[in-house]
Amino acid sequence: MINNSAVLKLGLLVIAMFGLSKFSQASETKILRFDKIIDGTGIALQAKDIAIRNGVIISVGTDLDRSINAEVVEFDGLTAMPGIIDAHTHITYGLPSTPKGDAWAELGQATREQRYSASILNAMLTLRTGVTTVRDLNADQNLDFELRDAINSGEVIGPRIFASGPGIHPFNDPPPEGVEEASADFLRIAAQKRIDAGADWIKIFGTTGSASDLTSKAYYSPTAIAAAAEAAKAAGKRITVHSYGPEAVDAAIKAGVTSLDHPVGISDTHIAAMREKGIIYVPTVDHNRYYAQHASEYGYTPIIQQNLHAFVERNIMTVRAAHQAGVTIAMGSDAVMSGFGENTCELKAFLAAGMSNVEAIQSATINGAKLLGKEQELGRIGEGFAADIIGVRGDPTINIDAIISGVTVVLKDGSIVVDNRDKAGAINKPDCGALY
């Protein structure tokens, strides 16, 4: 376990740095009044007020104070939106300071306490982007479970986390000595270990591919992937498969996974099957732009940077084809280390792939909620939904930068967790750079 005193000191530092505030009593009814409200569908509501109680929206309308006896909190000049859902993060990948040239080696040398402290800062940076919910995929040392539980208990301020623990991967699950290919029973047991440890999701690394390694070589047989998926489903867990190319896509589709993350170059047949089976596509386009732009932090050569940008271009082509075919697409940043704060840059990649602003908004709200199986709780501004609300400057249906660089206030479960209204400016202004 982490030293509680150290966590408390870091929490106080974060509050001082980012100007966190909370309503004095979250149980009291409040009416939040905005200039405009845009739902997770991307549609502007004919309303300006959101009434909340106990962290839940109880009513949406105009001049609600005429019918509800409650304090009115004014958010002048701001447009309300549901909190953003980031469907792919690595929130426990963090260092005590900016990487110095070999970030992955530095991460391996960091202590568990340093990693946990950095994850708390990553959680705060995530909130500053307007992201109030994340699906975190692949963490070690139970760091993601501990952070998730600390946030849920109120000990730490951060987004709600749906965590996978360590993904099923040959590094995390080395096969028995002398065995070249993991069996179906081996992967079934690997999935059950995650379930028993408290995972919300089961992640299977179907192929190679990550950061500077843009290959896509299959790790597991279709039978093995199906066995892990069966164990997850029996326990009521959702499943995602990492596939950098098409190599694990057939197996994932046959296994009936919930989502496919990353794949580029998939065929029209793959895309049609994903649409038919309701498998959600999480492309994670922008993270390779991030790696190229932050190459000095990782020690990536100009050739690696060039390859990363080329991969981004191929990824956008795949997103365009999937979008045109009607596949549900959810926004996932794949944020690591200094990438937290750039989470919503992914929306620019979606526009480059042909999405409208409204469709990009949906990818980060209602589609993310669908992915998580939380369609009746998250991703919308409506009665009965969690009071996860962001206030942005501008209209994101016209200019997506209203989300990327315009988030000014963030509420999670009805409490203001980040507030920059006094400074009349956005909380977070990332440099999203050029995609390719």
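Every number here is computed from the coordinates shown, using simple stated rules; none is lab data. All of these numbers come straight from a predicted model, not from anything done at the bench. Every residue, glycine as well, gets a Cβ built from its backbone with ideal geometry; the counts of neighbours run over all protein chains shown.
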**Q.** DSSP beta bridges in the chain [antiparallel fraction, %, rounded to 5]
**A.** 45
(Q) I'd like the trypsin sites (Lys or Arg not before Pro) in region 166-214 restricted to DSSP loop residues with at most 16 other Cβ atoms within 10 Å, sorted by number. (A) none
Q | Point-charge dipole on Cβ atoms (K/R +1, D/E -1) for the chain, about Cα centre, debye to 20 | A | 380
(Q) For Met317, Met331, Met274, Met337, which order do you get if you count the other beta carbons within 10 Å of each Cβ and list the fewest first? (A) Met317, Met337, Met274, Met331
Q) In whole angstrom, how far apart do the alpha carbon centroids of region 74-114 and region 165-203 sit? A) 26
Q: Convert each backbone phi in region 206-215 into a coupling constant with the Karplus relation 6.51 cos²θ - 1.76 cosθ + 1.60 (shift: θ = phi - 60°), then list the ³J(HN,Hα) values in order as whole Hz, x for Gly and Pro.
A: x, 9, 5, x, 4, 6, 7, 9, 9, 6
Q) Quick one: Karplus J couplings for region 36-53, per residue in order, coefficients 6.51, -1.76, 1.60, θ = phi - 60°, nearest Hz, x for Gly and Pro? A) 7, 10, 10, 6, x, 6, x, 9, 6, 7, 7, 6, 10, 10, 10, 8, 10, 8
Q.
Projecting each Cα onto the charge dipole of the chain (Lys/Arg +1, Asp/Glu -1 at the beta carbon, about the Cα centre), which of Gly384, Val282, Ile304 comes out farthest on the positive side?
A. Gly384
Q.
Test of the criteria: in region 199-281, which chymotrypsin sites (Phe, Trp or Tyr not before Pro) are in a DSSP loop and have at most 11 other Cβ atoms within 10 angstrom of their Cβ?
A. none
Q: Just list whichever of Lys233/Lys277; Lys193/Lys237; Lys203/Lys233; Lys30/Lys412; Lys348/Lys374 have alpha carbons separated by over 18 Å in the model shown.
A: Lys348/Lys374
Q.
What does the net charge come to around Pro99 if you take all other residues with beta carbon closer than 14 Å to its beta carbon, with K and R at +1 and D and E at -1?
A. -1
Q. Based solely on its DSSP helices, what 222 nm [θ] is calculated for the chain when runs of n ≥ 4 H residues each add -39,500 (n - 2.57) and the sum is averaged over all residues, nearest 500 deg cm²/dmol?
A. -10500 deg cm²/dmol
Q | Proximal aspartates and glutamates relative to Lys370, as straight alpha-carbon distance under 17 Å, when same-chain residues fewer than 8 apart are discounted | A | Asp39, Asp86, Asp136, Asp200, Asp261, Glu276, Glu359, Asp388
(Q) Cross-link candidates for Lys423: which lysines have Cα within less than 19 Å, leaving aside residues fewer than 8 places away along the same chain? (A) Lys22
Q: Using 0.36 nm per residue of separation minus the Cα-Cα distance, give me the extension gain between Gln376 and Arg112 in nm, one decimal.
A: 91.4 nm
(Q) For a test of the definition: using alpha carbon positions, the gyration tensor, and the 1.5 limit on a/c, classify region 84-372 as rounded, prolate or oblate. (A) rounded
Q. Name the chymotrypsin sites (Phe, Trp or Tyr not before Pro) in region 108-194 that are in a loop by DSSP and that have at most 11 other C-beta atoms within 10 Å, would you?
A. Phe171
Q: First measure r as the distance between the Cβ atoms of Thr301 and Ala197, then evaluate 1/(1 + (r/R0)^6) with R0 = 35 Å and state the FRET efficiency to the nearest 0.05.
A: 0.40
Q. Among Val249, Val319, Val131, which comes first, second and so on when ranked by fewest other beta-carbon atoms within 10 Å?
A. Val319, Val249, Val131
